[in-house]
Amino acid sequence: MKLLNGLLELLFPRKCVFCCKLLAKGEIDCCAACRKIETYQGNCKKLPYVAGWTAVYTYEDNVREALLRYKFRGKEHYAPTFGKEMAAAIRETFPSEFDLITYVPISKKRLRKRGYDQDKLLAEVISKELDAPMIAALKKVKNNPAQSSIQKVEARHANVMGVYRATALREIAGKRILLIDDILTTGATVSECARVLLTAGAAEVRCTCFATRREK
């Protein structure tokens, strides 16, 4: 096994998830330089229907590029690294203020094309790290245009209206839910998901994302 691992290291050398540089001996997942990336220091503006939210990083530079690779270029193996960092942020921000974890789902069409649901992978890692139950409480019922293709805030909110449906009514009734999303920009998607969960009987919805835009 040791020989096999050594061969794999030779053929597929490990690279930093953020800058893609080869990792030095002893480095895991990311290089020493990228471990110094500043975490998100914003004020976490209020979002409709969301009791509170947190982010690990600001969506820019190497963080942005890493997320784009994770989301659109098949780098699903980034999920454990991202998920563990999100779990650490949750422990610090609201460690006991939720009963279960769920995530923002993608459509069946996008799942077939991408091959994986990036937010589900993150939620699975976070669930394991925090020893908290995770369920698929939402289903995407419409394949709407990607939010990234829409600039105006009002249009983004309109684009996600009626797109999600609650699917686990018994499990979420009266529960405080932690919603997982990879990127939070205007908050339109997270707010709509929270609205759907609250309408279906959830007591409260909080959110954690890996990265968010720098506040202006």
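Quick notes on this structure:
- Condition met for residue 35 (without any contact (Cβ under 8 Å) to a residue 24 or more places away in the chain and surrounded by fewer than 19 Cβ atoms within 10 Å (Cβ to Cβ)): yes
- Which listed residue, of 214, 206, is open to solvent by 30 Å² or more (accessible area, probe 1.4 Å), assigned to a loop (DSSP other than H, G, I, E, B), touching an Asp or Glu at 6+ places or on another chain (Cβ under 7 Å) and not hydroxyl-bearing (Ser, Thr, Tyr): 214
- Criterion: under 26 Å from residue 133 (Cβ atoms) and in contact (Cβ under 8 Å) with a residue 40 or more places away in the chain - qualifying residue of 89, 66: 89
- Identity of the residue in segment 32-74, in contact with a strand residue (DSSP E or B) (Cβ under 7 Å, 6 or more places away or on another chain) and among the aromatic types (Phe, Trp, Tyr), that ends up nearest to residue 86 (Cα to Cα): 57
- Exactly one residue out of 84, 75 is at pLDDT 95 or above and open to solvent by 60 Å² or more (accessible area, probe 1.4 Å), and it is 84.
- Hits in segment 17-45 - residues which are in a loop (DSSP other than H, G, I, E, B) and among the aliphatic types (A, V, I, L, M): 17, 23, 24, 28, 32, 33, 37
- Selection count, segment 151-182, where residues are in a strand (DSSP E or B) and open to solvent by less than 30 Å² (accessible area, probe 1.4 Å): 8
- Checked against the criterion of being modelled with pLDDT of 90 or more and under 16 Å from the mean Cα position of the chain (by Cα), the candidates 131, 117 yield just one match: 117.
- Some residue of segment 117-130 being closer than 20 Å to residue 65 by Cα, open to solvent by less than 60 Å² (accessible area, probe 1.4 Å) and assigned to a loop (DSSP other than H, G, I, E, B): yes
- One residue alone among 92, 97 is surrounded by fewer than 15 Cβ atoms within 10 Å (Cβ to Cβ), among the acidic types (Asp, Glu) and not in a helix (DSSP H, G or I), and that residue is 97.
The values are calculated or read from the model by the stated rules, or taken from the named source; none is laboratory data. Small disclaimer: the values here were computed from a predicted structure and weren't measured. Using ideal geometry, Cβ is built from the backbone for each residue, glycine included, and neighbour counts are taken over all protein chains shown. In case anyone asks, the SASA skips ligands and DNA or RNA and just uses the protein heavy atoms, side chains included. Shrake-Rupley method; radii C 1.70, N 1.55, O 1.52, S 1.80 Å.
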